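Worksheet: the structure to be examined is printed underneath.
The values are calculated or read from the model by the stated rules, or taken from the named source; none is laboratory data. Note that the coordinates shown come from a computational prediction; the quantities given were computed from them, not determined experimentally. When we count neighbours, we look across all protein chains shown, and the Cβ atoms used for this are built from the backbone with ideal geometry, even at glycine. Side chains are part of the model used for accessible areas, which takes the heavy atoms of the whole protein and leaves out ligands, DNA and RNA. Shrake-Rupley method; radii C 1.70, N 1.55, O 1.52, S 1.80 Å.
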Amino acid sequence: MRTLSSLALALVMALLSGCNKELVCPVGEVDCGGRCVSLLSDAANCGACGTACGALEACSAGTCDCAPGVAVCDGACTDLARDPQHCGACETACGAADYCTTQGDVTACTDACPSGFTACARTCVELGTDRLHCGACGNACGAGESCRDGGCRADVFVACYATGDVRPVTLELAPAGAPRLSRGAPTALAMGSDVLYTANGFPAGVGIVPIDARLPTSLTVLPGDDLQYVTAHAGAVLASNSGVGTLVVLDAAGEVLDEIVLPGAAPNPHGVAVAGSTAYVALYGNGPLGDQTTPTGQTIAKVDLSGLAECAKPALAAPACGAGGACAAGRECRDGRCRARCGEVTGTIDVLAVPGSFDAPGYPFPNQVATVGSRVFVTLSNAKFADFGGGFAGYFAPAGNGRLLVIDTAANDATSIVDLGPGCKNAGDLAVLGSTVWVACGSFSFATEAPGTIVPVDVSGAPTVGAAVDATAIVPGNLAFCGGRGYVTDQSSGKVLPFDPSSRGTGTAVEVCPLNPVSSFAWASDIACSE
């Protein structure tokens, strides 16, 4: 739900107290050549630093064994789909000039490689998908990685806030390569074409994390101390800078193209989704603070992104600024060039004015956003004030059932409200699977009032709330669907809980993000899929 910024601040400050010292690895990991790894699962350091498993092996419990799906022939790990000496079966050897080829479910010896296949030694492979020859002969993917479009990548990536990295894992949530540094504490995660984007705090900015672990990560530093959301759209990157109340637009390489000031005294932008050429930005705001009698934010900002393509052009393509920095309408002088604006705020939707959007004495607190067709869906936390003591107080307690705001862009942004029912309190993240919007509900401070659930809403017609997934094993955080499976992060630990969206059953929550030994906490903050 990404609402407890003051708590996160306290925790990360403890984390940063260990900076500028020798490398301190998370619990369960060791320093191997300046990199923190798990000797129990790292294929390059299995059981001991420098002990690498073979291409057909995986590291399990600190020992190299044959990887899943790999056969054993004459005591050796053997890939029956590719080995010309054991083609399809241990006892089947191809002729001296033949190739071992697998097409679909059939593996056989052939005298030539079929169309679309490449000969790598005596094996015919598809370089775009073959994990042992990914993009080029002999370029093997690591354990748990798959080959997609000629590049090796894991199926799932999890942002770990406390350890400042992104962890690649399999669909079963097993490690699938070394952690990637995000150069900050990642709150949110988004998938690009060949990189991951992180929304970081401390230092605040957008991290660029290449899928290829051999390439370095980078960070575009931004003002403030709190980024809440990041997403890739139309070749650009959109980031919610909650610390200063702006929507930042960057190019794919991380250069800032525009920073759009959002309306209100303290907008606190959270989720963003684009419908057509308009971005809908949830302005979470705050409850009444100090001498205020009304809350800030509590609106949806509409940002026209129709100028995105023009603003994303290289800077040298823009005309030079005139005398005194003068530029034509719709452009501004930056670095001596009249750069086109990427977006402009065209209006807001007042959520407080939508009937049924919250229960007094709470407020709606617009949180995360998704689109299905011409409709925009926004979760509303519906929270009231709570004082925890010790200086930690805010609008976190459930004021009633969570809500889902529906904005119909095809009907002049007409609004309606879906009550998510008594099983959903503190509605937070949402994710779309087909024609169903799934909502994560729950708050760790109010376990008895707000037990963890994941609520499906069928939006194929009039929105209909379905039977919830019982997620009381964790405090539901952020959602993703990878390979048809559901995953939800835990706001109170480094765990990720898998679930089946069809049966509503859950698996065992897996500790993906380890404890930071300095701050003694872990948080799996977000999750993204390769597909």
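Answer yes or no: is there a residue in segment 498-508 that is basic (Lys, Arg), modelled with pLDDT of 95 or more and assigned to a loop (DSSP other than H, G, I, E, B). Scanning segment 498-508, I find at least one residue that is basic (Lys, Arg), modelled with pLDDT of 95 or more and assigned to a loop (DSSP other than H, G, I, E, B), so the answer is yes. Take the conditions (1) surrounded by 23 or more Cβ atoms within 10 Å (Cβ to Cβ); (2) touching a Lys or Arg at 6+ places or on another chain (Cβ under 9 Å); Ala204 misses just one of them, which is (2).
Taking the criterion of being exposed (fewer than 10 other Cβ atoms within 10 Å of the Cβ) and of a type outside the set (D, E, K, R), the only residue of segment 329-350 that qualifies is Ala329. May I ask you to say which residue of Val439, Val488, Val455 is over 30 Å from Val27 (Cβ atoms), surrounded by 17 or more Cβ atoms within 10 Å (Cβ to Cβ) and under 17 Å from the mean Cα position of the chain (by Cα)? Of Val439, Val488, Val455, the one residue that is over 30 Å from Val27 (Cβ atoms), surrounded by 17 or more Cβ atoms within 10 Å (Cβ to Cβ) and under 17 Å from the mean Cα position of the chain (by Cα) is Val439. Is it the case that some residue within segment 509-525 is farther than 26 Å from Pro186 by Cα and crowded, with 19+ Cβ neighbours inside 10 Å? No: segment 509-525 contains no residue that is farther than 26 Å from Pro186 by Cα and crowded, with 19+ Cβ neighbours inside 10 Å.
Per-residue answers, yes or no, for (1) open to solvent by less than 60 Å² (accessible area, probe 1.4 Å); (2) at pLDDT 85 or above; (3) in contact with a Phe, Trp or Tyr (Cβ under 6 Å, 6 or more places away or on another chain); (4) not small (Gly, Ala, Ser):
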| residue | (1), (2), (3), (4) |
| --- | --- |
| Leu4 | yes, no, no, yes |
| Leu9 | no, no, no, yes |
| Asn20 | no, no, no, yes |
| Pro26 | yes, yes, no, yes |
| Asp31 | no, yes, no, yes |
| Val37 | yes, yes, no, yes |
| Ala52 | no, yes, no, no |
| Cys59 | yes, yes, no, yes |
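Of the residues making up segment 170-194, those that are assigned to a strand (DSSP E or B) and more than 13 Å from the chain's Cα centre (by Cα) are Pro175, Arg180, Leu181, Ala185.
Please work out if Asn426 is at pLDDT below 95 and of a type outside the set (A, V, I, L, M, F, W, C). Judged against the criteria, Asn426 is a match.
Which members of segment 113-135 meet the condition of being over 25 Å from the mean Cα position of the chain (by Cα) and closer than 30 Å to Leu39 by Cβ? Once the filter is applied, which keeps residues that are over 25 Å from the mean Cα position of the chain (by Cα) and closer than 30 Å to Leu39 by Cβ, segment 113-135 yields Asp130, Leu132, His133, Gly135. Out of everything in segment 351-369 that is open to solvent by 10 Å² or more (accessible area, probe 1.4 Å) and of a type outside the set (A, V, I, L, M, F, W, C), what residue ends up being farthest from Thr379 (Cα to Cα)? Within segment 351-369, the match that is farthest from Thr379 (Cα to Cα) is Pro361. Here is the figure for segment 141-181: residues that are of a type in the set (Gly, Ala, Ser), over 25 Å from Asn478 (Cβ atoms) and in contact with a strand residue (DSSP E or B) (Cβ under 8 Å, 6 or more places away or on another chain) total 2. I need the full set of residues from segment 122-144 which are without any contact (Cβ under 8 Å) to a residue 24 or more places away in the chain and surrounded by fewer than 21 Cβ atoms within 10 Å (Cβ to Cβ), in order please. The answer is Glu126, Leu127, Gly128, Thr129, Arg131, Gly135, Ala136, Cys137, Gly138, Asn139. Among strands (runs of 3 or more DSSP E) entirely within segment 90-142, having at least 2 residues that are of a type in the set (A, V, I, L, M, F, W, C) singles out 106-110, 118-120, 123-125.
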